[in-house]
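Beneath this line is the structure, given in structure tokens, with notes to follow.
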Amino acid sequence: MSRIGKRPVELPSGVTAAISGQTIEIKGPKDTQSFTASDDVTIAQEDNTVVITPRGKSKRARQQWGMSRTMVQNMVTGCTSGFKKELEINGVGYRAQLQGNVLKLNLGLSHDVDFQIPAGVTVTCPKQTQIIVEGTNAQLVGQVAANIREWRKPEPYKGKGIKYKDEYIFRKEGKKK
């Protein structure tokens, strides 16, 4: 049984849900998002909550139950407060700067990396060594942050590279003489 799926999704004030068939549309102060659930679950609205129940006891129905509930909860959170990922750049000469819709990264490569920022996400650089990715879609915010981090993952000896703000880098000891 899904423990996540059992909990109903609370709709805060200012957020409305419209259900038509397997599609749910969430409207909030920041954005409007929709999600189409699989045929293995049923979506229903009761008062100020959205309830998701499985159609059957198959393994797939139970998987989709928890996943669908999480998707609806992420849409509600995105429409009210949004999502945010913070990245830090460590390393001598490593820096980032924003030029219009392009994030320029100097990461010790033979060339500068020009990262195109997709629609639906805002990227800011308060400092040269800090990148903040914000948006209303949890999956898109996480994917953009992961794509930026992919250019130079943190290495275990000196910790140089791009890391998440709350990420711990397991350090290794270097060569001994």
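The values are calculated or read from the model by the stated rules, or taken from the named source; none is laboratory data. These numbers were taken from a predicted model, which means no experiment stands behind them. Neighbour counts run over all protein chains shown; Cβ positions are idealised from the backbone, glycine included.
Things to note:
- Search result, residues across the stretch 111-150 that are assigned to a strand (DSSP E or B), without any contact (Cβ under 8 Å) to a residue 40 or more places away in the chain and more than 12 Å from the chain's Cα centre (by Cα): Val113, Asp114, Phe115, Gln116, Thr122, Val123, Thr124
- The criterion of at least 1 residues that are of a type in the set (Asp, Glu) and at pLDDT 90 or above is met, among strands (runs of 3 or more DSSP E) falling completely within the stretch 1-102, by 23-27, 41-46, 83-90.
- Of residues in the stretch 105-125 being in contact with a strand residue (DSSP E or B) (Cβ under 7 Å, 6 or more places away or on another chain) and under 23 Å from Lys158 (Cβ atoms), the one surrounded by the most Cβ atoms within 10 Å (Cβ to Cβ): Leu105
- For Lys84, the conditions (1) more than 24 Å from Glu134 (Cβ to Cβ); (2) surrounded by fewer than 18 Cβ atoms within 10 Å (Cβ to Cβ); (3) not acidic (Asp, Glu) all hold with the exception of (1).
- Residues located in the stretch 131-177, provided they are basic (Lys, Arg) and surrounded by 11 or more Cβ atoms within 10 Å (Cβ to Cβ): Arg149, Arg152, Lys153, Lys158, Lys160, Lys163, Lys165, Arg171
- Scanning the stretch 43-72 for residues that are in contact (Cβ under 8 Å) with a residue 24 or more places away in the chain and small (Gly, Ala, Ser) turns up Ala44, Gly66, Ser68.
- Between Arg55, Arg7, Arg95, Arg69, the distinction of being among the basic types (Lys, Arg), surrounded by 13 or more Cβ atoms within 10 Å (Cβ to Cβ) and under 30 Å from Ile169 (Cα atoms) belongs to Arg95 only.
- When residues in the stretch 2-42 are screened for being at positive phi and touching a residue at least 40 places away in the same chain (Cβ under 8 Å), 1 of them pass.
- Leading residue by the ranking (surrounded by the fewest Cβ atoms within 10 Å (Cβ to Cβ)) among those in the stretch 41-50 that are of a type in the set (A, V, I, L, M) and under 15 Å from Ala18 (Cβ atoms): Ala44
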